[in-house]
Amino acid sequence: MADFADWVAHGIKHGGMTKDKRFLPLVLCIVLLILIAGSYLVLVSRTAEKGRDIQRLEDELSDLRAGNEHLEVQLATEGSVQGLLQRAREKNFILADRVEFLTVPGQ
């Protein structure tokens, strides 16, 4: 490792790194590694973002299902015969003793 550091220091001091043919592959490898690492970080970031979106949507779906169940229970309660009779009594409606149906001529 010391040889490499000496080689880099020597090249920088004497400007020989631009003429040395061993320097170009090293720079290309470093640039390639940086590009790969950057691409990996972008991929991981997007994957994490999609995971958060999926979790948020699952939470929203769970809330909607719970609300739907509550509405179904409320609908069953309100629509039952006992519920309708109770609401009719609260509004002072009474049961009809006699019901007459009228017929409309021509129908």
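Restricting attention to the range 60-107 and to residues that are loosely packed, with under 11 Cβ neighbours inside 10 Å and acidic (D, E), the residue that is nearest to the chain's Cα centre (by Cα) turns out to be E60.
Taking the residues in the range 83-107 that are basic (K, R) and part of a loop (DSSP other than H, G, I, E, B) as candidates, determine which candidate is nearest to V73 (Cα to Cα). Within the range 83-107, the match that is nearest to V73 (Cα to Cα) is K91. T77 meets the conditions (1) at pLDDT 85 or above; (2) among the polar types (S, T, N, Q); (3) assigned to a helix (DSSP H, G or I) in every case but one. The failed one is (1).
Being modelled with pLDDT under 95 and of a type in the set (S, T, Y) is a property that T47 lacks.
To keep it simple, each residue is scored yes or no on (1) over 14 Å from the mean Cα position of the chain (by Cα); (2) of a type outside the set (F, W, Y); (3) loosely packed, with under 10 Cβ neighbours inside 10 Å.
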site: L28; (1), (2), (3): yes, yes, no
site: L35; (1), (2), (3): yes, yes, no
site: Y40; (1), (2), (3): yes, no, no
site: E49; (1), (2), (3): no, yes, no
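The values are calculated or read from the model by the stated rules, or taken from the named source; none is laboratory data. These numbers come from a predicted model, not from an experiment. Positions of Cβ are generated from backbone atoms using ideal geometry, with glycine treated the same way; all protein chains shown enter the neighbour counts.
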